[in-house]
1. Would you calculate the separation in nanometres between label points at R118 and L40, each defined as 7 Å from the Cα along the Cα-to-beta-carbon direction?
2. Output the peptides 33-43, 85-95 sorted from most to least packed, where packing is the average of other Cβ atoms within 10 Å over each peptide's residues.
3. Any chance you could run the full-extension gain for S94 through A11? It's 0.36 nm times the residue separation minus the Cα-Cα distance, nm to one decimal.
4. For L53 and T81, what does the FRET efficiency come to when R0 = 30 Å and r is the distance between their Cβ atoms, rounded to the nearest 0.05?
5. Can you tell me the equivalent ellipsoid semi-axes for the chain? Use √(5λ) from the Cα gyration tensor, largest first, whole Å.
6. What does the extension gain come out to for L67 and L32, with contour length at 0.36 nm per residue minus their alpha carbon separation?
Amino acid sequence: MANERIYLSYATAAVAVAAVPLSFFGPGGLRLAVIGLLMLAGPGTALVLLLRLDPPRSMQATGVLPLSIAVAIAFSLAMSTLVATAMIYAGLWSPPAGVFILTATTLALLGFELKRSRTTLAGAK
């Protein structure tokens with residue numbers, strides 16, 4: 001289970017980092033896929049990893065995975081909406097800046113999760 005969390009963290013960080021240069025230039029289809037994936041699941045996946053909504057290893061815990069997916073998508077879409085609304089109200093509309101803010105949020109949450117898991121591992125020794 002720990003390896004799955006690490007792979008998911010790496011994949012989320014890779015999508016977040018790849019979205020920043022693609023927000024300025026690149027093929028349209030690739031831009032849509034990467035930035036769309038960041039806006040749909042980036043910060044939310046990092047939040048779910050930070051909150052550790054892992055399904056326990058039992059037959060009764062079947063509802064945790066759909067809950068984790070729903071929380072990840074809902075938080076990501078809420079963050080995307082809040083960033084866009086704040087930029088509109090401030091009169092500073094810049095889609096690349098919005099992508100950068102979402103990337104920074106995602107990487108910050110992943111960093112907190114990494115720090116917490118290293119602290120937990122250090123305490124276990």
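1. For the pair R118/L40, the computed spacing is 3.3 nm.
2. Working: 33-43: 20.9, 85-95: 10.5.
Descending mean neighbour count gives 33-43, 85-95.
3. Length difference between fully extended and current span is 27.3 nm.
4. Numbers: r = 22 Å, r/R0 = 0.73.
So, using R0 = 30 Å, E works out to roughly 0.85.
5. Details: eigenvalues 164, 50, 40 Å².
Working through the eigenvalues yields semi-axes of 29, 16, 14 Å.
6. Details: separation 35, 0.36 × 35 = 12.60 nm, distance 2.61 nm.
Going from the current span to full extension adds 10.0 nm.
Taken together, the values in this text are just the output of simple stated rules run on the coordinates, not laboratory data. Bear in mind that the values here come from a model prediction, so they are computed numbers and not experimental data. Please note: Cβ atoms are built from the backbone with ideal geometry, for glycine as well, and neighbour counts cover all protein chains shown.
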